[in-house]
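Structure first, then comments.
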Amino acid sequence: QVQLVDTGGGLVQAGGSLRLSCAVSGRTSSAYYMGWFRQAPGNEREFVAAIDRRGRSTNYADSVKGRFTISRDNARNTVYLQMNSLKPEDTAVYSCAASMLVRPGNGKSDYNYWGQGTQVTVSS
């Protein structure tokens, strides 16, 4: 059984940075297309970023483009989300997800496994 464990969240001031990590166990992470999603209180879970199996192709939500960077280290079975220039509107629970599809879309239904989530709070 595949398990995803998200870590790295916390409280940071606007303009600050955080790096989230997602550790994959149960099967090598290179078997999956990986993504990050977030959910703020009262909102639907939304797509943030995704990366292909080899780490050669990435895509981002417009709201984070130029500020966030997704990467992966398949030797360590870990996926990262570097978040810079954080804004209060980035406050949410962030979850990593793994997809078995060759190239999933940005919808949460395209992803099969989920981490438990890590809280990111950005103060103004």
Verdict on residue 50 being without any contact (Cβ under 8 Å) to a residue 60 or more places away in the chain and touching an Asp or Glu at 6+ places or on another chain (Cβ under 9 Å): no
Counting only strands (runs of 3 or more DSSP E) wholly inside region 13-124, the ones holding at least 2 residues that are under 20 Å from residue 1 (Cβ atoms) and under 14 Å from the mean Cα position of the chain (by Cα) are 18-25, 33-39, 78-83, 92-99
From (1) open to solvent by 50 Å² or more (accessible area, probe 1.4 Å); (2) at positive phi, pick out the condition that doesn't hold for residue 100. (2)
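The values are calculated or read from the model by the stated rules, or taken from the named source; none is laboratory data. What you are looking at is a predicted structure, and each value in this text was computed from that prediction instead of being measured. Cβ sites come from the backbone with ideal geometry, for glycine too, and all protein chains shown count toward neighbours. Side chains are part of the model used for accessible areas, which takes the heavy atoms of the whole protein and leaves out ligands, DNA and RNA. Shrake-Rupley method; radii C 1.70, N 1.55, O 1.52, S 1.80 Å.
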